[in-house]
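First comes the structure, then the notes that go with it.
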Amino acid sequence: MNDAFIVGLQNNNIVTEKKVPDPSSLLDERAQCFEPYVMKMRDASFRKAVKRKGRFFVYIVQCRDGTYYTGYTKDLENRIALHKSGRGAKYVKNKLPAELVYAKQYRYYKNALNEEKRVKTLTRQQKSELVRSYAENNSEIVE
């Protein structure tokens, strides 16, 4: 009878009830769990932390073994330099040297993220065709 208390007697038997916490206190406890998240979402500085407009790139890097790595970045030159130095993606690190073979610029980050997702789902042959058509249209790739 840890959390029980005696209510009374019924037919010479002790009738007990379990203590039920106040429902409003439960709501307060649950609200406190989500409060930091809700406050963070409402905070104006949080919304400004995610840059939604600007220059965003989807790129493909060809590794030494001929495989492709697709990525997304805000700073293409810096990202390619990181890949070449071995401090970029783990996948590229063991397959150096890596060379930029495709890059496309977007104004909104969401469009770039969606395009990266789409390109990652392409087959190798489709990626090769994308790289080939890019090379034909852009004879000079800026690295």
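A few notes on this one:
- Options 105, 125: the member that is closer than 14 Å to residue 79 by Cβ, polar (S, T, N, Q) and without any contact (Cβ under 8 Å) to a residue 60 or more places away in the chain: 105
- For the stretch 84-96, a tally of residues being touching a His at 6+ places or on another chain (Cβ under 9 Å) and under 10 Å from residue 63 (Cα atoms) returns 3.
- Residue identified as farther than 17 Å from residue 56 by Cα and at pLDDT 90 or above among 135, 103, 81: 135
- Options 87, 132; residue that is within 23 Å of residue 55 (Cα to Cα), free of Cβ contacts under 8 Å to residues at least 12 places away in the same chain and not small (Gly, Ala, Ser): 87
- In this entry, residue 122 is excluded by the filter for residues that are surrounded by 12 or more Cβ atoms within 10 Å (Cβ to Cβ) and in a strand (DSSP E or B).
- Single condition residue 132 does not satisfy, out of (1) touching a strand residue (DSSP E or B) at 6+ places or on another chain (Cβ under 6 Å); (2) part of a helix (DSSP H, G or I): (1)
- Exactly one residue out of 84, 93 is surrounded by 17 or more Cβ atoms within 10 Å (Cβ to Cβ) and out of contact with any strand residue (DSSP E or B) (no Cβ under 7 Å at 6 or more places or on another chain): that is 84.
- Verdict on residue 96 being at pLDDT below 95 and either in a helix (DSSP H, G or I) or in contact with a Ser or Thr (Cβ under 7 Å, 6 or more places away or on another chain) (or both): no
The values are calculated or read from the model by the stated rules, or taken from the named source; none is laboratory data. A quick note: this is a predicted structure, and the numbers were derived from the prediction, not measured. Cβ atoms come from the backbone with ideal geometry, glycine included; neighbour counts cover every protein chain shown.
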